[in-house]
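Computed from the coordinates by the stated procedures, all read-outs in this text should not be read as laboratory data. Keep in mind that this is a model prediction, so the values were computed, not measured.
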C-alpha cells in the first residue's frame, strides 16, 4: 500500500509524541509524491531534548515507526546535517533533503 503524507503523519504522531520529538519531516519519494509500493519512509527529525538518548532507544523508535506504517523507515537527525565537516556529496544530499522536506509534526 502506498501511504499518503497525511496517513503517515496520523500513524506516526503518537510515536513522535511518545519520544518527545521536537519536529518531524518527511523527505524522499514520499515527500515528492513519487512513492511506490516498495518505497521506504524517510524521516528527518529534530530530537533536541527528546527521549532518544542512546542507540537502543533510537532503534526502538525506528521499529515502532516501521510497525505503525508497515514500511521500512530511515531516520536522519537534524544535528547530523549541521556538521561543518561534511563532504561535498553529503552537502548535496543535505541540500536536497532541506529543499523537499515536508513538516508533519511539531511537539508542544
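All Cα-Cα distances of the chain, cut into 5 Å bins from zero to the largest, leave 2, 12, 24, 25, 19, 13, 4, 0 percent in each bin in turn.
Under Stokes-Einstein, with the Kirkwood radius over Cα pairs standing in for Rh, what whole-number D in µm²/s applies to the range 55-108 at 37 °C and 0.692 mPa s?
Values: Rh = 13.2 Å.
This corresponds to a translational diffusion coefficient of 248 µm²/s.
Convex hull volume of the Cα atoms of the range 16-60, normalised per residue: 86 Å³. What would the Debye formula give as log10 I(q)/I(0) at q = 0.13, 0.24 Å⁻¹ for the alpha-carbon point model of the range 27-90, no solvent? Each listed q corresponds, in turn, to -0.44, -1.11. Between 74, 95, 40, the residue with the greatest mean-square fluctuation in the GNM of the chain (Cα pairs under 10 Å linked by springs) is 95. Of all DSSP bridge pairs formed entirely within the chain, close to 65 percent run antiparallel.
In the chain, helices alone account for a calculated mean residue ellipticity at 222 nm of -13000 deg cm²/dmol, with every DSSP H run of four or more residues adding -39,500 (n - 2.57).
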